[in-house]
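Reviewing the structure listed below.
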Amino acid sequence: MHPGAKYGKTLQYLSIVKALIQIEFFKLFKQSRTYLALASLFCIELIILGSAYFQGKNILDILLENLQKNFYFEGNLLNGNLLVYLILNTQWFHLPLILMIVVSGTLTTEYKDRTIQTTMLQPVKKGQFILAKYVVAICFTLTSVLFLALTSFSLSYTFFGRGDLIVYLDTLNFFPASEAFPRLLYAFLSGTLSMIFFSVASLTIGVICKDAAKTWIVSAFFLILSHLLLKIDFGNTIMNTLFFAKLSDTWQYFFQQDIAWDIVKLNSFLTICYILLFIGVGMLLFIKKDIE
Amino acid sequence: MRKYSLIGLFIISSCTFVHAQQHDPDLLYIKSRMDSIQSFSVDLTLEVDISFIHMPSKKAKMKYTKNKPIKFSSADFVMLPKRGLDFTLNSLLSYSYITVPRGEEIRNGKKYKALNIVPTDPNSDFSIALLLIDISNMRVTESEISTRKDGTYKLLMNYDKPTAILPAKVEVAFEVQRIRIPFNFMGKDTDIDRKKMRESGSKTGKIFLTMSNYIIEHIR
(Lines give C-alpha, C1' and ligand atoms only; values in the text may rest on other atoms or scores of the structure.)
Protein backbone atom coordinates (compact mmCIF):
# COMPACT_ATOMS: atom_id res chain seq x y z
CA MET A 1 0.00 0.00 0.00
CA HIS A 2 1.18 3.49 -0.79
CA PRO A 3 2.35 5.29 2.36
CA GLY A 4 0.06 8.20 1.55
CA ALA A 5 -2.96 5.91 1.36
CA LYS A 6 -2.02 4.32 4.68
CA TYR A 7 -1.70 7.77 6.24
CA GLY A 8 -5.08 8.72 4.81
CA LYS A 9 -6.69 5.58 6.25
CA THR A 10 -5.22 6.31 9.68
CA LEU A 11 -6.58 9.85 9.50
CA GLN A 12 -9.99 8.54 8.53
CA TYR A 13 -9.86 6.00 11.38
CA LEU A 14 -8.96 8.70 13.86
CA SER A 15 -11.60 11.14 12.57
CA ILE A 16 -14.27 8.48 13.21
CA VAL A 17 -12.81 7.87 16.69
CA LYS A 18 -12.90 11.63 17.27
CA ALA A 19 -16.55 11.77 16.21
CA LEU A 20 -17.35 8.82 18.46
CA ILE A 21 -15.56 10.49 21.37
CA GLN A 22 -17.71 13.59 20.88
CA ILE A 23 -20.83 11.44 20.83
CA GLU A 24 -19.68 9.60 23.96
CA PHE A 25 -19.09 12.90 25.75
CA PHE A 26 -22.52 14.07 24.69
CA LYS A 27 -24.09 10.87 26.04
CA LEU A 28 -22.02 11.01 29.25
CA PHE A 29 -22.96 14.56 30.10
CA LYS A 30 -26.55 14.10 28.97
CA GLN A 31 -27.21 11.32 31.48
CA SER A 32 -28.22 12.30 35.00
CA ARG A 33 -26.07 9.62 36.64
CA THR A 34 -22.89 11.55 35.74
CA TYR A 35 -24.06 14.57 37.72
CA LEU A 36 -25.37 12.31 40.46
CA ALA A 37 -21.88 10.79 40.72
CA LEU A 38 -20.22 14.20 40.96
CA ALA A 39 -22.83 15.35 43.48
CA SER A 40 -22.29 12.25 45.62
CA LEU A 41 -18.53 12.86 45.51
CA PHE A 42 -19.13 16.38 46.74
CA CYS A 43 -21.43 15.10 49.51
CA ILE A 44 -18.83 12.58 50.66
CA GLU A 45 -16.31 15.41 50.72
CA LEU A 46 -18.59 17.53 52.90
CA ILE A 47 -19.17 14.61 55.26
CA ILE A 48 -15.41 14.02 55.51
CA LEU A 49 -14.83 17.69 56.26
CA GLY A 50 -17.54 17.68 58.92
CA SER A 51 -16.31 14.47 60.53
CA ALA A 52 -12.70 15.58 60.41
CA TYR A 53 -13.67 18.82 62.11
CA PHE A 54 -15.29 16.96 65.00
CA GLN A 55 -12.95 13.96 65.18
CA GLY A 56 -9.78 15.64 64.01
CA LYS A 57 -8.96 17.30 67.30
CA ASN A 58 -9.43 14.02 69.15
CA ILE A 59 -7.14 12.14 66.77
CA LEU A 60 -4.54 14.89 66.93
CA ASP A 61 -4.69 14.71 70.72
CA ILE A 62 -4.02 10.96 70.56
CA LEU A 63 -1.21 11.46 68.06
CA LEU A 64 0.45 14.07 70.18
CA GLU A 65 -0.55 12.71 73.60
CA ASN A 66 2.90 11.43 74.49
CA LEU A 67 4.51 14.60 73.29
CA GLN A 68 2.21 16.85 75.29
CA LYS A 69 4.13 15.82 78.39
CA ASN A 70 7.30 17.33 76.99
CA PHE A 71 6.09 20.05 74.67
CA TYR A 72 3.93 23.11 74.39
CA PHE A 73 2.19 23.28 71.03
CA GLU A 74 1.87 26.62 69.36
CA GLY A 75 -0.21 26.83 66.16
CA ASN A 76 -3.06 24.91 64.59
CA LEU A 77 -2.64 21.46 63.06
CA LEU A 78 -6.31 20.93 62.24
CA ASN A 79 -6.06 23.03 59.10
CA GLY A 80 -6.91 22.87 55.40
CA ASN A 81 -3.81 20.88 54.46
CA LEU A 82 -4.60 18.13 56.95
CA LEU A 83 -8.20 17.99 55.72
CA VAL A 84 -7.15 17.70 52.07
CA TYR A 85 -4.88 14.83 53.16
CA LEU A 86 -7.81 13.18 54.93
CA ILE A 87 -10.02 13.63 51.89
CA LEU A 88 -7.32 11.98 49.79
CA ASN A 89 -7.10 9.11 52.28
CA THR A 90 -10.76 8.31 52.08
CA GLN A 91 -11.65 9.37 48.55
CA TRP A 92 -9.17 6.99 46.95
CA PHE A 93 -11.65 4.26 47.80
CA HIS A 94 -14.95 6.06 47.25
CA LEU A 95 -13.94 7.84 44.06
CA PRO A 96 -12.97 4.71 42.06
CA LEU A 97 -16.17 3.03 43.20
CA ILE A 98 -18.27 5.86 41.80
CA LEU A 99 -16.08 6.15 38.70
CA MET A 100 -16.40 2.43 38.02
CA ILE A 101 -20.21 2.61 38.17
CA VAL A 102 -20.40 5.58 35.79
CA VAL A 103 -17.69 4.41 33.40
CA SER A 104 -18.84 0.80 33.11
CA GLY A 105 -22.39 2.13 32.75
CA THR A 106 -21.41 3.85 29.51
CA LEU A 107 -21.01 0.40 27.95
CA THR A 108 -23.47 -1.76 29.86
CA THR A 109 -26.39 0.59 29.16
CA GLU A 110 -25.55 0.30 25.47
CA TYR A 111 -25.92 -3.47 25.79
CA LYS A 112 -29.11 -3.12 27.84
CA ASP A 113 -30.77 -0.57 25.53
CA ARG A 114 -29.38 -2.35 22.46
CA THR A 115 -28.07 0.97 21.13
CA ILE A 116 -24.77 -0.80 20.53
CA GLN A 117 -26.43 -2.74 17.70
CA THR A 118 -27.65 0.50 16.14
CA THR A 119 -24.17 1.96 16.34
CA MET A 120 -22.63 -1.14 14.84
CA LEU A 121 -24.98 -0.85 11.86
CA GLN A 122 -23.15 2.38 11.03
CA PRO A 123 -19.76 2.34 9.29
CA VAL A 124 -18.04 2.16 12.66
CA LYS A 125 -15.48 -0.46 13.56
CA LYS A 126 -15.73 -2.18 16.91
CA GLY A 127 -12.19 -1.10 17.75
CA GLN A 128 -13.04 2.56 17.11
CA PHE A 129 -16.18 2.30 19.20
CA ILE A 130 -14.52 0.78 22.26
CA LEU A 131 -11.41 2.98 21.92
CA ALA A 132 -13.67 6.05 22.10
CA LYS A 133 -15.24 4.59 25.27
CA TYR A 134 -11.80 4.16 26.88
CA VAL A 135 -10.73 7.70 25.92
CA VAL A 136 -13.91 9.16 27.40
CA ALA A 137 -13.50 7.01 30.52
CA ILE A 138 -10.01 8.45 31.02
CA CYS A 139 -11.22 12.02 30.38
CA PHE A 140 -14.12 11.61 32.79
CA THR A 141 -11.73 10.27 35.44
CA LEU A 142 -9.44 13.27 34.93
CA THR A 143 -12.43 15.63 35.22
CA SER A 144 -13.61 13.94 38.41
CA VAL A 145 -10.18 14.08 40.07
CA LEU A 146 -9.84 17.73 39.01
CA PHE A 147 -13.29 18.41 40.48
CA LEU A 148 -12.27 16.64 43.67
CA ALA A 149 -8.98 18.54 43.88
CA LEU A 150 -10.58 21.93 43.27
CA THR A 151 -13.41 21.41 45.74
CA SER A 152 -11.25 19.88 48.47
CA PHE A 153 -8.59 22.59 48.30
CA SER A 154 -11.13 25.43 48.09
CA LEU A 155 -13.42 24.11 50.84
CA SER A 156 -10.59 23.11 53.17
CA TYR A 157 -8.63 26.32 52.79
CA THR A 158 -11.76 28.47 53.03
CA PHE A 159 -13.07 26.93 56.23
CA PHE A 160 -9.89 25.70 57.92
CA GLY A 161 -7.12 27.93 56.59
CA ARG A 162 -3.56 26.87 55.87
CA GLY A 163 -0.95 25.51 58.21
CA ASP A 164 1.58 22.80 58.80
CA LEU A 165 0.62 19.32 57.68
CA ILE A 166 1.13 16.47 60.12
CA VAL A 167 1.14 12.94 58.70
CA TYR A 168 1.74 9.69 60.51
CA LEU A 169 3.55 7.14 58.33
CA ASP A 170 5.55 5.11 60.84
CA THR A 171 7.02 8.43 61.89
CA LEU A 172 5.34 11.73 62.61
CA ASN A 173 6.16 13.93 59.64
CA PHE A 174 5.60 17.66 59.77
CA PHE A 175 5.53 19.68 56.58
CA PRO A 176 5.38 23.48 56.50
CA ALA A 177 2.34 24.86 54.64
CA SER A 178 4.50 25.93 51.70
CA GLU A 179 5.79 22.37 51.33
CA ALA A 180 2.48 20.65 52.06
CA PHE A 181 0.66 22.19 49.10
CA PRO A 182 2.94 20.84 46.32
CA ARG A 183 3.05 17.44 48.05
CA LEU A 184 -0.76 17.30 48.07
CA LEU A 185 -0.80 18.32 44.40
CA TYR A 186 1.65 15.55 43.53
CA ALA A 187 -0.50 13.14 45.51
CA PHE A 188 -3.53 14.11 43.42
CA LEU A 189 -1.54 13.61 40.22
CA SER A 190 -0.27 10.23 41.36
CA GLY A 191 -3.71 9.17 42.56
CA THR A 192 -5.17 10.13 39.18
CA LEU A 193 -3.20 7.34 37.52
CA SER A 194 -4.63 4.89 40.00
CA MET A 195 -8.16 6.19 39.34
CA ILE A 196 -7.66 5.84 35.58
CA PHE A 197 -6.55 2.26 36.15
CA PHE A 198 -9.76 1.40 38.04
CA SER A 199 -11.96 3.20 35.49
CA VAL A 200 -10.32 1.37 32.60
CA ALA A 201 -10.53 -1.91 34.50
CA SER A 202 -14.28 -1.42 35.06
CA LEU A 203 -14.81 -0.83 31.35
CA THR A 204 -12.90 -4.01 30.56
CA ILE A 205 -15.04 -5.82 33.13
CA GLY A 206 -18.08 -4.33 31.35
CA VAL A 207 -16.83 -5.80 28.07
CA ILE A 208 -16.65 -9.23 29.73
CA CYS A 209 -19.85 -9.13 31.80
CA LYS A 210 -22.08 -6.94 29.58
CA ASP A 211 -24.79 -6.87 32.26
CA ALA A 212 -24.76 -3.72 34.41
CA ALA A 213 -25.41 -5.35 37.79
CA LYS A 214 -22.83 -8.09 37.19
CA THR A 215 -20.28 -5.50 36.04
CA TRP A 216 -20.83 -3.37 39.14
CA ILE A 217 -20.50 -6.34 41.46
CA VAL A 218 -17.34 -7.60 39.77
CA SER A 219 -15.90 -4.06 39.64
CA ALA A 220 -16.62 -3.48 43.32
CA PHE A 221 -15.10 -6.88 44.12
CA PHE A 222 -12.04 -5.95 42.05
CA LEU A 223 -11.66 -2.67 43.93
CA ILE A 224 -12.09 -4.24 47.37
CA LEU A 225 -9.72 -7.07 46.45
CA SER A 226 -7.12 -4.53 45.31
CA HIS A 227 -7.39 -2.70 48.62
CA LEU A 228 -7.10 -5.94 50.59
CA LEU A 229 -4.13 -7.15 48.57
CA LEU A 230 -2.43 -3.79 49.05
CA LYS A 231 -2.01 -4.55 52.75
CA ILE A 232 -0.86 -8.14 52.27
CA ASP A 233 2.83 -8.92 52.20
CA PHE A 234 3.41 -11.56 49.53
CA GLY A 235 6.87 -12.31 50.90
CA ASN A 236 8.20 -11.86 47.40
CA THR A 237 9.94 -8.68 46.25
CA ILE A 238 8.76 -9.00 42.63
CA MET A 239 5.12 -9.46 43.64
CA ASN A 240 5.35 -6.71 46.26
CA THR A 241 6.84 -4.35 43.67
CA LEU A 242 5.12 -5.19 40.42
CA PHE A 243 1.65 -6.44 41.37
CA PHE A 244 -1.02 -3.89 40.40
CA ALA A 245 -2.64 -3.83 43.84
CA LYS A 246 0.63 -2.64 45.36
CA LEU A 247 0.72 0.44 43.16
CA SER A 248 -2.47 2.14 44.28
CA ASP A 249 -0.94 3.85 47.34
CA THR A 250 1.97 5.41 45.46
CA TRP A 251 0.57 8.82 46.39
CA GLN A 252 1.54 8.16 50.03
CA TYR A 253 5.23 8.36 49.08
CA PHE A 254 4.76 12.12 48.76
CA PHE A 255 4.20 12.29 52.53
CA GLN A 256 7.42 10.63 53.52
CA GLN A 257 10.12 13.04 54.59
CA ASP A 258 12.29 12.28 51.58
CA ILE A 259 10.21 11.48 48.52
CA ALA A 260 11.35 8.19 46.97
CA TRP A 261 11.18 9.47 43.39
CA ASP A 262 12.62 6.25 41.95
CA ILE A 263 9.76 4.23 43.43
CA VAL A 264 7.20 6.86 42.40
CA LYS A 265 8.48 6.83 38.80
CA LEU A 266 8.59 3.03 38.65
CA ASN A 267 5.10 2.67 40.15
CA SER A 268 3.70 5.32 37.79
CA PHE A 269 5.28 3.58 34.80
CA LEU A 270 3.90 0.22 35.93
CA THR A 271 0.42 1.70 36.46
CA ILE A 272 0.49 3.13 32.92
CA CYS A 273 1.53 -0.31 31.66
CA TYR A 274 -1.40 -1.93 33.52
CA ILE A 275 -3.78 0.71 32.10
CA LEU A 276 -2.59 -0.02 28.57
CA LEU A 277 -2.79 -3.76 29.25
CA PHE A 278 -6.40 -3.53 30.44
CA ILE A 279 -7.31 -1.32 27.46
CA GLY A 280 -5.61 -3.78 25.11
CA VAL A 281 -7.35 -6.79 26.63
CA GLY A 282 -10.71 -4.97 26.65
CA MET A 283 -10.38 -3.92 23.02
CA LEU A 284 -9.28 -7.39 21.95
CA LEU A 285 -12.19 -9.08 23.71
CA PHE A 286 -14.69 -6.54 22.40
CA ILE A 287 -13.47 -6.91 18.81
CA LYS A 288 -13.49 -10.71 19.02
CA LYS A 289 -16.93 -10.99 20.63
CA ASP A 290 -20.05 -10.88 18.51
CA ILE A 291 -22.69 -8.27 19.31
CA GLU A 292 -25.76 -10.22 20.23
CA MET B 1 24.12 12.61 132.08
CA ARG B 2 27.11 12.14 129.81
CA LYS B 3 24.94 10.15 127.46
CA TYR B 4 22.39 12.99 127.16
CA SER B 5 25.18 15.53 126.67
CA LEU B 6 26.51 13.52 123.73
CA ILE B 7 23.06 13.25 122.15
CA GLY B 8 22.54 17.00 122.62
CA LEU B 9 25.92 17.75 121.06
CA PHE B 10 25.08 15.46 118.10
CA ILE B 11 21.74 17.20 117.51
CA ILE B 12 23.29 20.66 117.68
CA SER B 13 26.15 19.74 115.36
CA SER B 14 23.74 18.05 112.89
CA CYS B 15 21.52 21.10 112.82
CA THR B 16 24.54 23.34 112.20
CA PHE B 17 25.69 21.06 109.35
CA VAL B 18 22.25 20.96 107.74
CA HIS B 19 21.95 24.71 108.07
CA ALA B 20 25.30 25.12 106.36
CA GLN B 21 24.11 23.03 103.42
CA GLN B 22 20.69 24.66 103.04
CA HIS B 23 21.63 27.16 100.32
CA ASP B 24 24.86 27.14 98.42
CA PRO B 25 26.25 30.71 98.25
CA ASP B 26 27.26 30.39 94.59
CA LEU B 27 23.80 29.22 93.69
CA LEU B 28 22.31 32.09 95.67
CA TYR B 29 24.54 34.51 93.80
CA ILE B 30 23.43 33.07 90.44
CA LYS B 31 19.82 33.24 91.59
CA SER B 32 20.26 36.90 92.54
CA ARG B 33 21.67 37.56 89.03
CA MET B 34 18.65 35.85 87.54
CA ASP B 35 16.26 37.65 89.89
CA SER B 36 17.61 40.95 88.62
CA ILE B 37 15.96 40.21 85.27
CA GLN B 38 12.53 41.81 85.06
CA SER B 39 11.78 40.51 81.56
CA PHE B 40 13.43 39.39 78.37
CA SER B 41 12.43 38.49 74.84
CA VAL B 42 14.40 36.30 72.47
CA ASP B 43 14.17 34.71 69.03
CA LEU B 44 14.30 30.91 69.23
CA THR B 45 15.33 28.43 66.58
CA LEU B 46 14.28 24.95 67.51
CA GLU B 47 15.48 21.65 66.11
CA VAL B 48 13.98 18.37 67.22
CA ASP B 49 15.96 15.15 67.30
CA ILE B 50 13.46 12.42 68.11
CA SER B 51 13.71 9.18 66.13
CA PHE B 52 10.02 9.04 65.23
CA ILE B 53 9.50 12.73 64.47
CA HIS B 54 10.57 14.51 61.32
CA MET B 55 10.20 18.21 61.75
CA PRO B 56 12.02 21.02 59.99
CA SER B 57 13.72 23.60 62.19
CA LYS B 58 11.21 26.06 63.57
CA LYS B 59 11.36 29.65 64.67
CA ALA B 60 9.45 31.27 67.49
CA LYS B 61 9.61 34.31 69.71
CA MET B 62 9.71 33.87 73.47
CA LYS B 63 8.76 36.53 75.99
CA TYR B 64 9.56 36.14 79.67
CA THR B 65 8.21 38.45 82.34
CA LYS B 66 8.98 37.90 85.99
CA ASN B 67 6.27 35.98 87.86
CA LYS B 68 4.22 35.49 84.68
CA PRO B 69 3.91 32.47 82.39
CA ILE B 70 6.30 32.43 79.43
CA LYS B 71 4.63 33.53 76.19
CA PHE B 72 5.44 32.19 72.74
CA SER B 73 4.49 33.36 69.30
CA SER B 74 5.19 31.77 65.95
CA ALA B 75 4.00 32.11 62.37
CA ASP B 76 3.53 28.36 62.00
CA PHE B 77 3.12 25.27 64.15
CA VAL B 78 5.90 24.83 66.66
CA MET B 79 6.62 22.38 69.47
CA LEU B 80 8.38 23.99 72.39
CA PRO B 81 9.93 22.03 75.23
CA LYS B 82 8.26 22.42 78.60
CA ARG B 83 11.64 22.05 80.26
CA GLY B 84 14.77 23.85 79.32
CA LEU B 85 13.26 27.27 78.75
CA ASP B 86 13.32 28.24 82.41
CA PHE B 87 16.63 30.05 82.14
CA THR B 88 15.97 32.01 85.32
CA LEU B 89 15.83 28.85 87.50
CA ASN B 90 12.44 29.99 88.81
CA SER B 91 10.76 26.59 88.66
CA LEU B 92 13.75 24.96 90.32
CA LEU B 93 14.12 27.35 93.21
CA SER B 94 10.55 28.52 93.76
CA TYR B 95 9.89 26.06 96.58
CA SER B 96 11.98 25.51 99.70
CA TYR B 97 15.05 23.38 99.11
CA ILE B 98 18.43 22.41 100.40
CA THR B 99 21.63 22.12 98.46
CA VAL B 100 24.15 19.32 98.80
CA PRO B 101 27.63 19.83 97.39
CA ARG B 102 28.84 17.02 95.15
CA GLY B 103 32.39 18.12 94.60
CA GLU B 104 33.68 18.94 91.17
CA GLU B 105 32.96 17.61 87.70
CA ILE B 106 35.14 18.05 84.65
CA ARG B 107 33.65 18.85 81.23
CA ASN B 108 35.92 19.47 78.24
CA GLY B 109 38.87 19.86 80.56
CA LYS B 110 37.17 22.54 82.65
CA LYS B 111 36.19 22.13 86.29
CA TYR B 112 32.62 22.81 87.41
CA LYS B 113 31.08 22.82 90.82
CA ALA B 114 28.52 20.03 91.19
CA LEU B 115 25.53 20.68 93.40
CA ASN B 116 22.41 18.73 94.25
CA ILE B 117 19.20 20.59 94.87
CA VAL B 118 16.77 18.66 97.02
CA PRO B 119 13.30 20.19 97.44
CA THR B 120 11.91 20.11 100.95
CA ASP B 121 8.44 21.16 99.86
CA PRO B 122 6.20 18.28 98.67
CA ASN B 123 4.57 20.65 96.14
CA SER B 124 7.78 20.86 94.15
CA ASP B 125 7.47 19.00 90.83
CA PHE B 126 10.99 17.59 90.93
CA SER B 127 12.56 15.20 93.37
CA ILE B 128 16.22 16.06 92.87
CA ALA B 129 18.34 18.14 90.53
CA LEU B 130 22.03 18.16 89.79
CA LEU B 131 23.57 21.45 88.68
CA LEU B 132 27.03 22.08 87.29
CA ILE B 133 28.07 25.63 88.05
CA ASP B 134 30.74 27.57 86.22
CA ILE B 135 32.27 29.37 89.16
CA SER B 136 34.48 31.64 87.07
CA ASN B 137 31.48 33.09 85.19
CA MET B 138 28.88 32.37 87.88
CA ARG B 139 26.26 30.59 85.80
CA VAL B 140 24.76 27.15 85.38
CA THR B 141 26.12 25.14 82.45
CA GLU B 142 24.49 21.78 82.96
CA SER B 143 21.57 20.41 84.90
CA GLU B 144 19.86 17.09 85.33
CA ILE B 145 16.39 17.32 86.79
CA SER B 146 14.47 14.29 87.98
CA THR B 147 10.82 15.24 87.99
CA ARG B 148 8.13 13.49 89.98
CA LYS B 149 5.91 12.81 86.95
CA ASP B 150 7.75 13.51 83.71
CA GLY B 151 10.99 11.56 83.98
CA THR B 152 14.45 13.02 83.89
CA TYR B 153 15.59 15.98 81.83
CA LYS B 154 19.14 16.94 81.05
CA LEU B 155 20.04 20.45 79.98
CA LEU B 156 23.31 21.62 78.48
CA MET B 157 23.73 25.36 78.24
CA ASN B 158 26.24 27.24 76.14
CA TYR B 159 26.90 30.95 76.42
CA ASP B 160 28.24 33.18 73.67
CA LYS B 161 30.29 35.48 75.92
CA PRO B 162 31.77 35.26 79.42
CA THR B 163 29.50 37.95 80.82
CA ALA B 164 26.30 36.47 79.38
CA ILE B 165 23.72 35.59 81.96
CA LEU B 166 21.33 33.83 79.59
CA PRO B 167 22.39 30.98 77.30
CA ALA B 168 22.87 31.24 73.53
CA LYS B 169 22.37 27.52 72.96
CA VAL B 170 20.50 24.93 74.99
CA GLU B 171 20.35 21.19 74.45
CA VAL B 172 17.45 19.46 76.20
CA ALA B 173 17.49 15.66 76.48
CA PHE B 174 14.39 13.87 77.76
CA GLU B 175 12.51 10.59 77.67
CA VAL B 176 9.58 10.27 75.31
CA GLN B 177 7.24 7.37 74.60
CA ARG B 178 6.75 6.14 71.09
CA ILE B 179 3.28 5.57 69.64
CA ARG B 180 1.94 3.73 66.60
CA ILE B 181 -1.35 4.92 65.17
CA PRO B 182 -3.04 4.12 61.87
CA PHE B 183 -3.75 7.56 60.49
CA ASN B 184 -7.19 6.79 59.13
CA PHE B 185 -9.82 9.21 60.37
CA MET B 186 -12.89 7.95 58.63
CA GLY B 187 -12.45 4.21 58.51
CA LYS B 188 -13.28 1.61 61.09
CA ASP B 189 -10.00 2.38 62.82
CA THR B 190 -11.46 5.62 64.12
CA ASP B 191 -12.01 4.17 67.59
CA ILE B 192 -8.41 3.92 68.55
CA ASP B 193 -7.43 1.82 71.53
CA ARG B 194 -4.83 4.03 73.10
CA LYS B 195 -3.27 1.26 75.18
CA LYS B 196 -2.82 -1.04 72.22
CA MET B 197 -1.43 1.70 70.07
CA ARG B 198 1.23 2.62 72.54
CA GLU B 199 4.43 0.74 72.18
CA SER B 200 6.18 -0.29 75.33
CA GLY B 201 9.43 1.41 76.24
CA SER B 202 10.59 4.91 75.74
CA LYS B 203 13.10 6.74 73.61
CA THR B 204 15.41 9.59 74.36
CA GLY B 205 14.65 12.75 72.50
CA LYS B 206 16.69 15.88 72.14
CA ILE B 207 15.82 19.46 71.37
CA PHE B 208 18.40 21.98 70.27
CA LEU B 209 17.53 25.58 70.96
CA THR B 210 19.46 28.50 69.53
CA MET B 211 18.71 31.90 70.97
CA SER B 212 19.35 35.23 69.32
CA ASN B 213 18.43 38.89 69.73
CA TYR B 214 18.04 38.91 73.50
CA ILE B 215 16.37 42.03 74.81
CA ILE B 216 16.82 41.98 78.58
CA GLU B 217 15.24 44.38 81.03
CA HIS B 218 16.70 44.43 84.52
CA ILE B 219 14.99 45.53 87.69
CA ARG B 220 15.98 49.11 88.46
For this session: Please enumerate the residues belonging to region B:53-78 that are of a type in the set (A, V, I, L, M), within 11 Å of residue B:42 (Cα to Cα) and more than 7 Å from chain A (Cβ to nearest Cβ).
Result: B:62
Seminar exercise, completed: Checking A:144, A:154 in turn, the sole residue that is away from chain B (no Cβ under 13 Å), surrounded by 19 or more Cβ atoms within 10 Å (Cβ to Cβ) and in a helix (DSSP H, G or I) turns out to be A:144
Exercise. Would you say residue A:171 is touching a His at 6+ places or on another chain (Cβ under 6 Å) and either among the polar types (S, T, N, Q) or surrounded by fewer than 23 Cβ atoms within 10 Å (Cβ to Cβ) (or both)?
Worked result: yes
Seminar exercise, completed: Of (1) at pLDDT below 95; (2) crowded, with 17+ Cβ neighbours inside 10 Å, residue A:275 fails just (1)
Problem set entry | Some residue of region A:161-182 being more than 14 Å from chain B (Cβ to nearest Cβ) and either assigned to a strand (DSSP E or B) or in contact with a helix residue (DSSP H, G or I) (Cβ under 7 Å, 6 or more places away or on another chain) (or both) | no
Exercise. For residue B:118, are the conditions met, namely being touching a residue at least 40 places away in the same chain (Cβ under 8 Å), surrounded by fewer than 19 Cβ atoms within 10 Å (Cβ to Cβ) and assigned to a strand (DSSP E or B)?
Worked result: no
For this session: Would you check if there is a residue in region A:188-201 being within 29 Å of residue A:220 (Cα to Cα) and within 14 Å of another protein chain (Cβ to nearest Cβ)?
Result: no
Problem set entry | Residues being crowded, with 16+ Cβ neighbours inside 10 Å, over 20 Å from residue A:112 (Cα atoms) and β-branched (Val, Ile, Thr) - total across region A:201-224 | 0
Problem set entry | Hey, residue A:19 out of contact with any Phe, Trp or Tyr (no Cβ under 8 Å at 6 or more places or on another chain), closer than 14 Å to residue A:103 by Cα and in a helix (DSSP H, G or I) or not | no
Exercise. What's the number of the condition residue A:124 fails, among (1) crowded, with 24+ Cβ neighbours inside 10 Å; (2) outside any helix (DSSP H, G or I)?
Worked result: (1)
For this session: Count, please, the residues in region B:65-88 that happen to be touching a helix residue (DSSP H, G or I) at 6+ places or on another chain (Cβ under 9 Å), part of a strand (DSSP E or B) and within 22 Å of residue B:131 (Cα to Cα).
Result: 0
Exercise. Inside region A:68-85, can you point out the residues that are in contact (Cβ under 8 Å) with a residue 12 or more places away in the chain and at the interface with another protein chain (Cβ under 9 Å from one of its Cβ atoms)?
Worked result: A:75, A:76, A:77, A:79, A:85
For this session: For region A:97-116, indicate whether the set of residues that are within 11 Å of chain B (Cβ to nearest Cβ) and touching a residue at least 24 places away in the same chain (Cβ under 8 Å) is non-empty.
Result: no
Exercise. Of the residues that make up region A:222-235, is at least one touching a residue at least 12 places away in the same chain (Cβ under 8 Å), in a helix (DSSP H, G or I) and more than 18 Å from the chain's Cα centre (by Cα)?
Worked result: no
Exercise. Of these, B:136, B:91, B:124, which one is assigned to a loop (DSSP other than H, G, I, E, B), without any contact (Cβ under 8 Å) to a residue 40 or more places away in the chain, under 23 Å from residue B:37 (Cβ atoms) and out of contact with any Phe, Trp or Tyr (no Cβ under 6 Å at 6 or more places or on another chain)?
Worked result: B:136
For this session: Report yes if residue A:59 is crowded, with 17+ Cβ neighbours inside 10 Å and under 20 Å from the mean Cα position of the chain (by Cα), otherwise no.
Result: no
For this session: State whether one or more residues within region B:110-117 are farther than 18 Å from residue B:165 by Cα, in contact with a Ser or Thr (Cβ under 7 Å, 6 or more places away or on another chain), within 14 Å of chain A (Cβ to nearest Cβ) and among the β-branched types (Val, Ile, Thr).
Result: no
For this session: Would you mind telling me which numbered condition in (1) crowded, with 19+ Cβ neighbours inside 10 Å; (2) away from every other protein chain (no Cβ under 14 Å); (3) within 25 Å of residue A:191 (Cα to Cα) residue A:35 fails?
Result: (1)
Problem set entry | Condition broken by residue B:155, with the remaining ones in (1) assigned to a strand (DSSP E or B); (2) farther than 30 Å from residue A:172 by Cβ satisfied | (2)
For this session: Kindly list, by first and then second residue, each pair from a residue in region A:189-213 that is on the phi > 0 side of the Ramachandran plot to a residue that is not in a helix (DSSP H, G or I), limited to pairs with Cβ atoms under 9 Å and residues at least 6 apart or on different chains.
Result: A:210/A:289; A:210/A:292
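The values are calculated or read from the model by the stated rules, or taken from the named source; none is laboratory data. Just so it is clear, the structure is predicted and the values come from calculations on it, not from any experiment. Neighbour counts run over all protein chains shown; Cβ positions are idealised from the backbone, glycine included.
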